[in-house]
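Working notes for the structure below.
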Amino acid sequence: MRKVFRATVAAICGAVLLTSCATGDDAVATGGTFDFVSPGGQTRIFYDPPADRGTLGELTGEDLMNEGETISLDDYEGQVVVLNVWGQWCAPCRSEADDLEEVYEATKDLGVQFLGINVRDNQRDKAQDFVTDQRIGYPSIYDPPMRSLLALGRNYPTSVVPTTVVLDREHRVAAVYLTELLAEDLQPVVERVAAEPDSGQ
């Protein structure tokens with residue numbers, strides 16, 4: 001029986017680099033069936049078999065680069081989606097940006113979409129400059145108060161930035177990374193999930 005991982009911000013920060021952490025309130029669930037579980041405080045968690053994975057709640061928000069336009073997870077029906085929670089103020093986010101872009105470019109022809117979630121950037125222009133300077137080709141939701149992260153469920157440690165979540169083609173959670181990533185860490189997992197058969201088999 002899985003036990004739901006209920007960690008304080010301090011416990012999470014103890015499990016990952018302090019530079020990856022920022023304080024904040026954890027979210028309250030708004031639908032979906034995903035329960036965040038991290039056995040032993042792991043920072044790289046995989047959810048298998050596919051049929052046992054949970055789905056996210058409704059995930060939507062304003063497009064960072066196009067004010068007034070909305071992006072939704074539902075826009076990417078049938079695609080593997082890699083979510084990345086980031087902020088331009090976050091040093092590990094800057095460090096991993098080129099690795100994420102590398103994996104995006106390498107896997108998009110496999111039916112993979114990346115979607116950023118920009119948090120705690122109250123100055124939108126600085127977040128936009130980050131996207132331009134880092135030459136990021138995929139879109140991001142602009143969400144300073146982190147309301148969109150409610151979709152990740154009540155036990156999800158929203159205080160950890162950066163965080164990367166890999167969703168399968170049915171938008172069930174296949175993997176969660178509570179740490180900065182290299183392309184060599186992420187790409188094999190994305191490719192494996194993209195190669196899975198449809199309908200949770």
Members of region 89-103 that are part of a helix (DSSP H, G or I) and either over 17 Å from Asp129 (Cβ atoms) or open to solvent by 10 Å² or more (accessible area, probe 1.4 Å) (or both): Ala91, Pro92, Arg94, Ser95, Glu96, Asp98, Asp99, Leu100, Glu101, Glu102, Val103
Complete set of residues in region 18-55 that are assigned to a loop (DSSP other than H, G, I, E, B) and at pLDDT below 50: Ala22, Thr23, Gly24, Asp25, Asp26, Ala27, Val28, Ala29
Complete set of residues in region 63-84 that are in contact with a helix residue (DSSP H, G or I) (Cβ under 7 Å, 6 or more places away or on another chain) and within 20 Å of Pro144 (Cα to Cα): Leu64, Met65, Val82, Asn84
Leu64, sole failed condition from (1) open to solvent by 20 Å² or more (accessible area, probe 1.4 Å); (2) more than 14 Å from the chain's Cα centre (by Cα): (1)
Hits in region 146-178 (condition: of a type in the set (Val, Ile, Thr) and modelled with pLDDT under 95): Thr158, Val160
Given (1) closer than 22 Å to Ser148 by Cα; (2) at pLDDT 95 or above; (3) of a type outside the set (A, V, I, L, M), number of the condition Glu102 does not satisfy: (1)
Yes/no for Thr158 being in a loop (DSSP other than H, G, I, E, B) and open to solvent by less than 10 Å² (accessible area, probe 1.4 Å): yes
Single residue of region 113-155 satisfying the filter (of a type in the set (D, E, K, R) and in a loop (DSSP other than H, G, I, E, B)) that is surrounded by the fewest Cβ atoms within 10 Å (Cβ to Cβ): Arg135
Residue check, Ala175 touching a helix residue (DSSP H, G or I) at 6+ places or on another chain (Cβ under 6 Å), surrounded by fewer than 18 Cβ atoms within 10 Å (Cβ to Cβ) and of a type in the set (A, V, I, L, M): no
Flag if Ala15 is small (Gly, Ala, Ser), modelled with pLDDT of 90 or more, closer than 22 Å to Ala174 by Cβ and open to solvent by 20 Å² or more (accessible area, probe 1.4 Å): no
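The values are calculated or read from the model by the stated rules, or taken from the named source; none is laboratory data. Keep in mind it's a predicted model, so treat the numbers as computed, not measured. Here Cβ is always computed from backbone atoms with ideal geometry, including for glycine, and neighbour counts include all displayed protein chains. Ligands, DNA and RNA are excluded from the accessible area calculation, which covers all protein heavy atoms including side chains. Shrake-Rupley method; radii C 1.70, N 1.55, O 1.52, S 1.80 Å.
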